[in-house]
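Beneath this line is the structure, given in structure tokens, with notes to follow.
Just so you know, all these numbers are worked out from the coordinates, no wet-lab data involved. As the structure is a computational prediction, the values presented were derived from the model and not from experiment. Reconstructed Cβ throughout: ideal geometry from the backbone, glycine too, with neighbour counts over all protein chains shown.
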Amino acid sequence: MTITVPAGSSLTLRCPGSEAVVLVTLAEVKAEFITDLPPIPVLSLDGPGVRRIGVLELVTSSGVTWIEGEMRDDQLRVIGDAPAGVVQRRTSVRHSGPFPVSGTAQVVTAQSRRLVPLTGRVEDLSTDGLLMRADVPSLPYGIERLLVHVNMPWGDLTAAVDVVDQRADLLRGTFEWVEPEAANSLAGYLNDLADRRS
């Protein structure tokens, strides 16, 4: 399968210690694998010689993934290893919430490892993962994993989630584990919704 980054896509580069930079692609690029993508021409406000390295939110024809990227002289290059998976695949049946959610976050920093209770709502859900908005304005930095209980129409969905992106009150993650009965119920629920829309 060919990976395509369409022209006109908005890509987000998050660099440590600075605000996220939104970049617009100026031309379509393609490759067999994400790590083989050629430099992507982008529209940026940086002057000549400015170099930024960070986590790139890469929008492709297959979905959205996160990988290390470098921007210099209006060229964006993928420099990290291949990601473990694509988050919220475009082929996945998905549904917008909100669904009430509660759970526990594992927060890991250089100084400590602790568990923090969280509540909020799931705003986007697929069989691959979820997007959650917390009930607090800003989440603690360094959340690596969540154990969540999502209140779905058929009952509770209990799942472990690997966090792949975190900003302000939003968390996006992929399912590391879903209770087997809940996984079947989720797939059936989303497929029923897709059938109704078609």
Checklist entry - Could the peptides 17-25, 156-164, 3-11 be put in order, highest first, of the mean number of other beta-carbon atoms found within 10 Å of their residues? => result 156-164, 3-11, 17-25
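Under 8 Å for C-alpha pairs, at least 6 residues apart: give me the relative contact order for the range 100-198, rounded to a whole percent. Don't skip to the end; give the middle numbers.
Numbers: 204 pairs, mean separation 23.9, N = 99.
Across the range 100-198, relative contact order equals 24 percent.
Beyond 32 Å, what share of the Cα-Cα pairs of the chain remains, rounded to the nearest whole percent?
Details: 4428 of 19503 pairs.
Pairs farther apart than 32 Å: 23 percent.
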Checklist entry - Where the centre of each part is set by its Cα atoms, how far does the range 141-173 sit from the range 1-57, in angstrom? => result 27
Checklist entry - Relative to a virtual label point 7 Å from the Cα of Leu170 in the Cα→beta-carbon direction, which members of the range 16-35 show backbone nitrogen distances below 17 Å? => result 19-24
Next on the checklist: If I stretch the segment between Gln111 and Val136 completely, what's the gain in nm (0.36 nm per residue apart, minus their alpha carbon distance), one decimal?
Outcome noted: 6.7 nm
Item to check | C-alpha long axis of helix 180-197 to longest principal axis of the chain, angle in ° | outcome: 70
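Summing -39500 (n - 2.57) over the DSSP H runs of n ≥ 4 in the chain and dividing by its residue number, what mean residue ellipticity at 222 nm do you reach, to the nearest 500 deg cm²/dmol?
Working: 1 runs with 18 residues, N = 198.
When only DSSP H runs of four or more count, the value is -3000 deg cm²/dmol.
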Item to check | Gain in span if fully extended, Thr2 to Arg51, counting 0.36 nm per residue against the direct Cα distance | outcome: 14.8 nm
Checklist outcome for this item: Per the rule of 0.36 nm per residue minus the C-alpha distance, extending Ala183 to Trp154 adds in nm 9.3 nm
Checklist entry - Quick one: if you stick a label point 7 Å off each Cα along the C-beta vector at Leu26 and Arg77, how many nm between them? => result 1.7
